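K.L.:
Take a look at this one; I'll ask things after.
Coordinate-derived values only; no laboratory data. Everything quoted here is computed from the prediction, not taken from an experiment. Every residue, glycine among them, receives a Cβ derived from its backbone with ideal geometry; neighbour counts consider all protein chains shown.
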Amino acid sequence: MSPTPSCPNCNAPADADARFCGECGTALAQPAPVPVIVDPVGSRSTDRTRQAPRLSPAMGVPAPVAAVRSGPNLAPTPSPLAREPLPVSLDSLVGRTLNNRYLVKRKIGEGGFGAVFEGTQVATERPVALKVLHPQSVSDPTVVARFRREAEACSKLRNSHTVIIYDFDQTEDGVLYLAMELVRGQSLQDIQRASGVIPVDRCLRILDQVAEALGEAHSKGIVHRDMKPENIMVEMREGEDFVKVLDFGIAKIKAGDGVKDAPALTAIGQTVGTLEFMSPEQLRGKPLDGRSDIYALGMVAYEMLTGGLPFQKSKSTTEIIQYHLQTPPPPPSSLKPEAEIPPVVDALVQKMCAKSCDERHVDTDELRQHIDECFGAMDQGETRSEFKRMGLVIGAIVLVVAVVIYFLSR
């Protein structure tokens, strides 16, 4: 019987398959090196300081693009994926029609494992986004499996706030692609970079729409696992924000209610996701449910409300991990007093980011109800402030009239 492993830093007992100490956050020794997939383009630009690299799914396509919701339900009939890819340059795809169905018009962005193009569905002249794997990635079964996983996950989703994938195929010369909804907007990351701090009411409206999209996914046994500003697109529709959630490429499809449990695509000991937004249970490699996405969305809320994450002073990956595992979430208002964040919103975000998943909102329905309560409390507060202002104005008028009458009566 093998001895129980313990933390080399604090000697606390650890689970046999744990990657980090649950007490101090120190990385634990593993039988084999822990593979970490670093997103070559998903990381934020160097004009915004980050203390640690982002961890991301193998598909490192940049977030500013993605997929117009349309078409029939996805029924992928991909060609055999074992065929040897030809040396096709991604740039050479511009002007080409993939499988006589999608005209590739221009490249929007590119990452280490693929690129996204704007295109047109030939039969309907509908604009689409085409996510294409690099030819060398097609020979990697794990990358291809994640690519297929994204198609499988999103084919189940039809919420208006979810970027929809509606086709998945491979060309004769080995080009593997996803056809997706084309969103003409900005990523939340870009909006935050431009504005710094997002007003409270706008933040709550964005959170509510993201929660609606995640609610459908969670109801179908799908956990996103990589919620972050880069994966939230915002369009303007009739002067209002309209949110789209994208990139279910590392989504975990859970068993139950007719959902077959898909094989794990993550090697033992491998952390997949984005470190700054990972829930404690995700870092510990525990089973995940929708509450893990709620935690990540809470971190997104911190960044919207304060312009930064609550562990900005952390100087290393280990310190960020320790924060997620141990440090109680502070009120956002304490990080940005000038933002005038109401106490009810502080309570909302702190509940979303509770260390124990049992202390968070039980699901996105409860989260959305809490958001509605925040709106109600804020409206009441504004009404009280308005009455107070009116009272002061009326009081001042009465005082002036009294003074005038006094002097006129002398």
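K.L.:
For the range 349-357, in order, what is each residue's ³J(HN,Hα) by Karplus, 6.51 cos²θ - 1.76 cosθ + 1.60 with θ = phi - 60°, in whole Hz (x at glycine and Pro)?
P.N.:
5, 5, 5, 4, 9, 4, 5, 8, 4
K.L.:
Evaluate E = 1/(1 + (r/R0)^6) for Ser160 and Val404, where r is the Cβ-Cβ distance and R0 equals 45 Å; express this FRET efficiency to the nearest 0.05.
P.N.:
0.15
K.L.:
Work out the P(r) tail for the range 186-374: percent of alpha carbon pairs separated by more than 21 Å, whole number.
P.N.:
48
K.L.:
I need the calculated FRET efficiency for the pair Thr97 and Glu240, taking r as the beta carbon distance and R₀ as 25 Å, to the nearest 0.05.
P.N.:
Computed FRET efficiency for Thr97 and Glu240: 0.10.
K.L.:
Further question: How would you rank 287-298, 337-348, highest first, on the average number of other Cβ atoms within 10 Å across their residues?
P.N.:
The packing order, highest mean first, is 287-298, 337-348.
K.L.:
Could I ask something else about it? With only Lys, Arg, Asp and Glu charged, each at its Cβ (+1 for the first two, -1 for the last two), find how big the charge dipole of the range 186-374 is about the Cα centre; round to the nearest 20 debye.
P.N.:
740
K.L.:
Roughly how many nanometres apart are two label points built 7 Å out from the Cα toward the Cβ at Cys10 and Asp173?
P.N.:
In this crude label model, Cys10 to Asp173 measures out at 5.7 nm.
K.L.:
To continue, here is another question. Please get the size of the charge dipole for the range 109-243, origin at its Cα centre, with Cβ charges of +1 on Lys and Arg and -1 on Asp and Glu, quoted in debye to the nearest 20.
P.N.:
Values: 15 positive and 22 negative charges, 78 e Å.
The dipole of the range 109-243 has a size of about 380 debye.
K.L.:
Compute the FRET efficiency between Ser316 and Lys286 as 1/(1 + (r/R0)^6), taking r as their Cβ-Cβ distance and R0 = 35 Å, and round to the nearest 0.05.
P.N.:
0.95
K.L.:
Here is a follow-up. Treating only the Cβ of Lys, Arg, Asp and Glu as charged (+1, +1, -1, -1), what charge dipole size does the range 275-322 show about its Cα centre? Round to the nearest 20 debye.
P.N.:
Charge dipole, the range 275-322, about its Cα centre: 160 debye, nearest 20.
K.L.:
Taking every alpha carbon pair in the range 107-204, what does the distance histogram look like in 5 angstrom bins from 0, in percent?
P.N.:
In order of increasing distance, the bins hold 2, 11, 18, 20, 19, 12, 10, 5, 2, 1, 0 percent.
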